[in-house]
Amino acid sequence: MIKIISTELAYFFTILVVLALLFHGDLLTSPLERLDRMGQTGNYAHPFIWAAVVYFLIGIVRLIVKGVHAIKNRKKKD
C-alpha cells in the first residue's frame, strides 16, 4: 500500500513540476523572483489545483485503459 501511495505521489509531483515549468518558464532562470511574485499575489493554491485536475484526468484515462485491457484479457481466456 505504501508503494502505491508513494508512486501516486511521485506522479502528482512530477505533473506539478512539469506544469509549473510549462506555464512559468522563468522558473528556470529566476525562481526566487517567481516565488516572490507568487507570495505578493497570494496565489499559493493554484499550482496544486491545476496539478490535481491534470492528475485526475490522467487517472481517468489510466482507469479506462486498465478496463479495456482487462476486458481484452478476459476474452482471450474464454
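Each value in this text was obtained by applying a stated rule to the coordinates, not by laboratory testing. Predicted, not measured: the structure shown is a model, and the values here were computed from it. Neighbour counts run over all protein chains shown; Cβ positions are idealised from the backbone, glycine included.
Only helices enter the 222 nm calculation for the chain: every DSSP H run of n ≥ 4 contributes -39,500 (n - 2.57), and dividing by all residues gives -29000 deg cm²/dmol, rounded to 500.
Using R0 = 22 Å, the C-beta based FRET efficiency linking H46 and A10 works out to 0.55.
Please list the helices of the chain that count as membrane-span-like by this rule: a mean Kyte-Doolittle hydropathy of at least -0.5 together with Cα atoms stretching 30 Å or more along the helix axis, each helix being a complete DSSP H run.
Values: long enough: 2-23 (31 Å, 2.11); 46-77 (46 Å, 0.60).
In the chain, the long hydrophobic H runs are 2-23, 46-77.
For V68 and L19, FRET efficiency with R0 = 30 Å and r from the beta-carbon atoms, rounded to 0.05? Each step should come with its number before you reach the end.
Details: r = 27 Å, r/R0 = 0.90.
The computed FRET efficiency comes out at 0.65.
Taking label points 7 Å from Cα along the Cα-to-Cβ direction, R34 and V53 give a separation of 1.8 nm.
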